[in-house]
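Each remark here refers to the structure printed beneath this line.
Every number here is computed from the coordinates shown, using simple stated rules; none is lab data. Worth saying up front: this structure is predicted, and the values here are computed from it rather than measured. Positions of Cβ are generated from backbone atoms using ideal geometry, with glycine treated the same way; all protein chains shown enter the neighbour counts.
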Amino acid sequence: MLRYINFFSLLFLLHWLLIWCSINTSPSEIFSFGKSLIHSLNSLRIILPLLFSILISIYFIYILFTKKIKIKKIHLYFCAILICQLIGLYLNNERIFLYFGNEKYFDMANINLIILSFSVIFFFILCEYLRLNHNIYKYFFAISLLFLFIVFILSVWPKLAYLRDLNFYDAFNPDRINILQQSAIRITGLSRILAVINLFIILYSLNLKNIYQKKILELLIIINALLLLFMQSRGTLICYFASLAFIIFIIEHDRKNFKTKSILLFVIIPIFLYFFINNSLQKNIKKEEDLKTYSRILTIDTSGRTSIWSHTLKNYEYKKIFGYGPNGDRFFLKDFDKKKNFGDNTSNIFLYTLVSGGLVSLIFLILIFFNFFLIIKKFIENKNLYRYSLVNNLSIVYLVFFSIRSIFENSFGLYSVDFLITYLSLSYLSNLKRI
């Protein structure tokens, strides 16, 4: 039995790694294999995860119909949302055949996100069914954070020449391509990665006893926080500082000295350095457009989100109780004539779920958030039991982070970095006996 479990542990770790490799790939790249080394690599990044996802889905279905398996409600809620999107796709009377064309058109190319999403849900249900050692979640987190760190380095390294003035917003123009000849990561995505990594470093440093290691990490945390401020993503900053407040006032609530020190080191010093450096940089700026970029963090505009939210609420066909299917916002907003930065993106998980899966899907999303609330509430009530567990604290902080982020991004509403980290954190916390 031990060998059986170990074998599955290795397979699951491999599948989790492949799942992460599938991020930012497109089904159209399947047919690019052999054109070049990079094209072949991108092709494998979508082929292998899809293949493994199909296999794990088949195995799950076999277990479901041949064994007694207890499935937690939270998994069923996520499955229900995906099923609603599939029904919406079928009822939308658009093309319902496999077509790898322009992703601006709503077609079955989007089905790959559903397959990958289902495989993640089945993946964690099987982890519970096979009773894999709960410590395997630590390796899942390690793979996730390592992948994000590599992506961050590979994204920033080629842009160093453009970052002499710390103008991240222009350096990561979405019109550029990355080293894999794919669409470059947006600044919102890059800042999210750095925020997730920095929150991990903060939690990791809390219980370090080596004073020199602690000082090095504290310096790294300050530098990362400063970079986050220069990335000018207000949404990420809200999520990051709210999560930091959760760490300071909830997780470490009774350490008064820690509160004062943390606020000074991780909040006041980075903000002070940001304004000091920013003011120095602005003295050499002559173009008014560049000046607006540097002061963007201080503006109140919502980058076009509110107009998109208003348009969605006013024009959605509420008789479509199952929505338009996966990535339905791209189809729904394709004729929206006031497009700005988020013209084909509802930038809100509730509106995305409404457009993609309809009113039925939205009900299940509300149930998911209710479960989030219960988990966070129980964690707060028993926080002294979990203080010294890095993975416990990391999971709850990420759940807080992405719950807030879902207000102004589609976030974990669709298959993405947000979805993978949120589902990993949720699965880990829901399997803790005390929670």
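Here the spin labels are modelled as points 7 Å beyond Cα on the Cα-Cβ line, and at ILE269 and PHE373 they lie 3.8 nm apart. Placing a pseudo-label 7 Å from each Cα along the Cα-to-Cβ vector at SER28 and LEU41 gives an inter-label distance of 2.1 nm.
For the pair ILE363 and LYS70 in one chain, pulling the backbone fully straight at 0.36 nm per residue adds 103.2 nm over the alpha carbon distance. Database remark: amide H of GLY323 closer than 5 angstrom to the amide H of GLY358, LEU359 (H placed geometrically; neighbours at sequence offset of 5 or more, or on other chains; Pro and chain starts carry no H).
Sorting the segments 125-132, 395-402 by their residues' average number of neighbouring beta-carbon atoms within 10 angstrom, most packed first, yields 395-402, 125-132.
Please compare each pair in LYS209/LYS261; LYS314/LYS334; LYS259/LYS378 to a cut-off of 19 Å on the Cα-Cα distance and tell me which ones are over it. With Cα atoms farther than 19 Å apart: LYS259/LYS378. The residues packed around ILE269, meaning those with a beta-carbon under 13 Å from its beta-carbon, carry a net charge of 0 if Lys and Arg are +1 and Asp and Glu are -1. Exposure proxy shown here: for SER262, SER155, the number of other Cβ atoms within 10 Å sets the order, fewest to most, as SER155, SER262. Sorting the segments 308-316, 198-206, 320-328 by their residues' average number of neighbouring beta-carbon atoms within 10 angstrom, most packed first, yields 320-328, 198-206, 308-316. Tell me the net charge near ASN24. Cut-off is 12 Å between Cβ atoms, ASN24 excluded, with +1 for each Lys or Arg and -1 for each Asp or Glu. For residues surrounding ASN24, the net value is +1.
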